[in-house]
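The next block holds one structure in the form of structure tokens; read it before the comments.
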Amino acid sequence: MVAKQADHDRNMLSRKFAIQTHKAMEIESRFRRIADLAPVSMFHIDPSGVLLYANEYYYAYAGLPVEIKIDTNNISLCRLTELPRDGPYAMVSDIIQEQ
């Protein structure tokens, strides 16, 4: 009886988790659609400061090429002072140094 109840509880939790995951994915999708159409710079970062998403206005404002999306897993764009002084980040590093 206890094992049956545990199995039932596990199934209910799995269903609830699946529903919550689906809702979270819908919210994320809605955010990206809105952000893609917004005429302002919008971005999403994780708690460690790694850029997860940015719209085209963000890249234009930051002066970074959109292709940089591929490399953002290893770059914290919130800590712009840590950017290399060469390559695609040179312009951003120069602007920060002038301020």
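I'd like the full set of residues that are part of a helix (DSSP H, G or I) and over 37 Å from the mean Cα position of the chain (by Cα), limited to region 1-23. It would help to see each step written out before you state the result.
So the first thing to find is which residues in region 1-23 are part of a helix (DSSP H, G or I), and the list is 2-23.
Across region 1-23, the qualifying residues are Val2, Ala3, Lys4, Gln5.
Tallying residues that are surrounded by fewer than 10 Cβ atoms within 10 Å (Cβ to Cβ) and within 25 Å of Asp46 (Cβ to Cβ) within region 1-21 yields 0.
With at pLDDT 85 or above and either outside any helix (DSSP H, G or I) or β-branched (Val, Ile, Thr) (or both) as the only criterion, which of Pro47, Pro39, Pro84 stands out?
After ruling out the rest, the residue left standing is Pro39.
The values are calculated or read from the model by the stated rules, or taken from the named source; none is laboratory data. For clarity, every value in this text was computed on a predicted model and none was experimentally measured. Note that we place each Cβ from the backbone using ideal geometry, even for glycine, and neighbour counts take in every protein chain shown.
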